[in-house]
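The values are calculated or read from the model by the stated rules, or taken from the named source; none is laboratory data. Since the model is a prediction, treat every value here as computed from it, not as a measurement. FYI the Cβ positions are ideal-geometry reconstructions off the backbone, even for glycines, and counts take in every protein chain you see. Remember, those area values only see protein heavy atoms, side chains included, never the ligands or the DNA or RNA. Shrake-Rupley method; radii C 1.70, N 1.55, O 1.52, S 1.80 Å.
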Amino acid sequence: MHAEFGMVEVLGTDGWMRCIEIERVVPIPTEHPDELAAERIDFDEAWVHVRELTPADLAKDIEALRKRGQLLVDTMDA
């Protein structure tokens, strides 16, 4: 987990630095501003210091992941 980017994947290392993959959900606008036709998922990479990362604890971080849009909750079973 990263404080700014949320759930990330470590792609590489270089000493104390880690190359991470960041997932961003980008809405695709329509002619009507209050409608959402689709979303696009963009992947970026960034180098961060290892101390900026913490192990993911899904039980603890599930609400933060849901708010970021990185975890979809199935409401059909609720």
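Within the range 31-58, work out how many residues are within 20 Å of F5 (Cβ to Cβ) and modelled with pLDDT of 70 or more.
Number satisfying all stated conditions: 19.
Contact list please: Cβ distance under 7 Å, first residue in the range 34-59 and touching a residue at least 40 places away in the same chain (Cβ under 8 Å), second residue among the small types (G, A, S) and open to solvent by less than 100 Å² (accessible area, probe 1.4 Å), pairs at least six apart or on different chains.
Sorted first by the residue in the range 34-59, then by its partner, the pairs are E52/A3.
Within the bounds of the range 1-11, is there any residue that is under 16 Å from L65 (Cβ atoms) and in contact with a His (Cβ under 8 Å, 6 or more places away or on another chain)?
Scanning the range 1-11, I find at least one residue that is under 16 Å from L65 (Cβ atoms) and in contact with a His (Cβ under 8 Å, 6 or more places away or on another chain), so the answer is yes.
Take I28 and decide whether it is of a type in the set (V, I, T) and modelled with pLDDT of 85 or more.
So I28 does not fit the description; no.
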